[in-house]
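Written out below as structure tokens is the structure these notes cover.
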Amino acid sequence: MKSLTNKVVALTGASSGIGRALALQLAERGCQLALADVNAEGLKETAASLPASTRVTTHIVDVSNKDQVYQWAEDVVNAHGGVDVIINNAGVASQGLIEDLNYDDFNWVFDIVFYGVLYGTKAFLPYLRQRPEGHIVNISSVNGFFPFPSNGPYNCAKHAVKALNQTLIQELRGSNIHITSVHPGGIKTNIVRNSRVVQPLDPKLSKEQAAARFDKIAGTTAEKAASIIIGGIQKNKQRLLVGKDAYVLDILTRTFPQGFSNLVGRVMLRG
Ligand SMILES: NC(=O)c1ccc[n+]([C@@H]2O[C@H](COP(=O)([O-])OP(=O)(O)OC[C@H]3O[C@@H](n4cnc5c(N)ncnc54)[C@H](O)[C@@H]3O)[C@@H](O)[C@H]2O)c1
């Protein structure tokens, strides 16, 4: 999709981080926006930060609730007259070893990170079919190809998002719809602050200290991530790595599939 001007973009997780940065940059490119999130306050702030000329609607949607996602898709089309791009960006993470996590912890991540993306994809697909060109952007992660210890549910859900994307790319080949599978490395956002900590990786650190440490390690800003994602949409990229660390992880994972994983596991879980 070379030009985004006047395109209608539906975006989840628009209250914070990558979603908020995407909203602002898409608005600057002349898109109409349908922004969704569970955080009403954050959503209002994002909408208020957009250029005054932006045609924007905001929707309180819990992406893990199938009915709410389908209702949102219908509302977007009623309000904007159609939709060209869906960006399934909302996500959450947890910390804890699989042995210690209960099924509720697992389902919480899976319902938002995987089913939220699946619902968003299927709810919007019929409407994207009606446009000359449609685009589905599903945010996976480097965890979608490299499983970090203590991130079990997130690793599994992001691998599932990658598999969904790869399946869609094959099944929609030759149609009017493009898919972009996005795999960011560490991006400075609220993802760690908003995570469910069942068991901290480093028990000496409070959640806020762990989030501050993540902010230091994460090499890419949300603004940079958003501009790379928008570039990926415009180039119809099927697989998009975001950040230098994502490229390094990609190479090391391909070259030493188990050896690199063992090394990271030993370092992260030492003691
Ligand atoms: N930050 C990173 O390092 C990183 C790396 C790889 C992938 N990602 C992915 O990028 C995406 C955006 O995350 P972020 O880093 O901007 O984090 P963030 O916590 O700053 O933003 C996530 C947004 O999702 C919203 N959200 C959470 N649960 C929701 C639900 N049930 N329904 C609707 N909205 C919900 C939150 O309110 C928030 O606005 C996520 O899918 C995340 O997994 C992030």
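Things to note:
- Selection from region 217-229 of residues that are more than 16 Å from residue 154 (Cβ to Cβ) and either over 21 Å from the mean Cα position of the chain (by Cα) or among the small types (Gly, Ala, Ser) (or both): 219, 222, 225, 226, 227
- Pick from region 178-233, criterion over 16 Å from residue 142 (Cβ atoms) and either basic (Lys, Arg) or touching a Phe, Trp or Tyr at 6+ places or on another chain (Cβ under 8 Å) (or both), ranking: nearest to the ligand (Cβ to nearest atom): 193
- Residue in region 90-130 that is least open to solvent (accessible area, probe 1.4 Å), counting only those that are more than 14 Å from the ligand (Cβ to nearest atom), of a type outside the set (Gly, Ala, Ser) and not in a helix (DSSP H, G or I): 101
- Taking the criterion of being in contact with a helix residue (DSSP H, G or I) (Cβ under 7 Å, 6 or more places away or on another chain) and buried (at least 19 other Cβ atoms within 10 Å of the Cβ), the residues of region 157-167 that qualify are 157, 158, 161, 162, 164.
- Identity of the residue in region 139-175, of a type in the set (Phe, Trp, Tyr) and not in a helix (DSSP H, G or I), that ends up farthest from residue 10 (Cα to Cα): 148
- Filter pass, residue 82 being more than 14 Å from the ligand (Cβ to nearest atom), modelled with pLDDT under 95 and not hydrophobic (A, V, I, L, M, F, W, C): no
The values are calculated or read from the model by the stated rules, or taken from the named source; none is laboratory data. All values derive from a computational prediction rather than experimental measurement. Note that each Cβ is placed from the backbone with ideal geometry, even for glycine, and that neighbours are counted across all protein chains shown. In case anyone asks, the SASA skips ligands and DNA or RNA and just uses the protein heavy atoms, side chains included. Shrake-Rupley method; radii C 1.70, N 1.55, O 1.52, S 1.80 Å.
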